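Structure first, then comments.
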Ligand code: SF4
């Protein structure tokens, strides 16, 4: 059995470690590219959301490399994610591919059921093997998050444009190759050192602002927030323009909230829901409510702007987008929405980012002049 799965940012490092440690043979699809998107768009329904299209491209590329089993997460709720598995299975079968698909539904406390589904992928394993594999995968996931955050902090201060991104790439490779938890820890330390060494230690060395770089929060649908190929590397581009970027979601948070807490039947964090309440008080599927809640949180933390990322036709993000102008007006924070589909262009995204960063800086200067502060 050769197992594959779809990409979502650097999640592949965690999933690969988990499955391989449980004895499975894994085929990681090539990183998403124009070819991936073009395959996915050709074979998916036109109005399917972008993540489904890129996933189809990932699966086709992995099946071409010899994968015969697809693992994917199931979902519940008002958006289309719950139908993804079946739709993808039908598309791939219609194309003539022979494969088995294992859809791992949200655990909702049914531990035995999840273990049965995972057992279909990796065969029988003693419990201690599962515990060891989960610990290694967890260590890698945490290291990936830490390194991504360190890269976000380093970019506005890097001496050479692109140095932080290339240090991040080398560090992630070390984490991916680490064979045990102590090696993961060493890889993390080495990676953090690499990311420190690319920065200019001179005070005020930020590329854009001599006092302190502007801070922009990224919110939106989890897939487009985490997958740099589909969001045209928004995070890297902003960082290289001299902006300090923070994301509302990292892989570890997503797994803790949506897999671990669901698995253990623990109460999920209510904070984004409470913050969103004056503007949106119903669950709308996906991450719509979180998008609003995190925008409120960034405004309260004094961020200079927020960018919402959404796939074209994503219902939960359309609802959030409708609400965000009120948040922006009430809390005085500039908010921009970027919507992505297969027709989005690199230049279009770059132009909008540059214009938004200029706007954010102007609004920050006005605010600081009004408050009598520098920067
Ligand atoms: S959250 Fe949006 S993009 Fe994701 S499956 Fe639902 S509708 Fe599609």
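Things worth noting here:
- Extending 7 Å from Cα along the Cβ direction at residue 370 and again at residue 253 yields two label points whose distance is 2.7 nm.
- Largest mean-square fluctuation among 219, 26, 131, in a Gaussian network model of the chain whose springs join Cα atoms under 10 Å apart, belongs to 131.
- Angle between the chain longest axis and helix 288-300 axis [Cα atoms, degrees, rounded to 10]: 30 degrees
- The chain: angle of helix 181-197 to the longest principal axis, Cα-based, in degrees nearest 10: 30 degrees
- Packing-based ranking, highest mean first, of 81-92, 145-156, 268-279 given that Cβ atoms within 10 Å are counted: 145-156, 81-92, 268-279
- DSSP beta bridges fully contained in the chain are about 5 percent antiparallel.
- Hydrodynamic radius of region 72-170 per Kirkwood, over alpha carbon pairs, in Å: 17.3 Å
- The shape of region 130-206 comes out prolate: with a ≥ b ≥ c from the C-alpha gyration tensor, a/c is at least 1.5 and a/b beats b/c.
- The calculated P(r) of region 214-375, using every Cα pair and 5 Å bins from 0, goes 2, 9, 18, 21, 21, 15, 9, 4, 2, 0, 0 in percent.
- Angle between the chain longest axis and helix 315-331 axis [Cα atoms, degrees, rounded to 10]: 20 degrees
- The largest-to-smallest principal axis extents of the Cα set in the chain are 66, 43, 41 Å.
- Residue with peak Gaussian network fluctuation, the chain [Cα springs, cutoff 10 Å], from 57, 40, 180: 180
- Distance between the modelled labels on residue 181 and residue 282, one decimal in nanometres: 4.5 nm (7 Å Cα→Cβ projection).
Bear in mind that the values in this text are calculations on the coordinates, not laboratory data. Note that this is a predicted model, so its numbers are computed, not measured. Because the Cβ atoms are built from the backbone with ideal geometry, glycine has one as well, and the counts that use them run over all protein chains shown.
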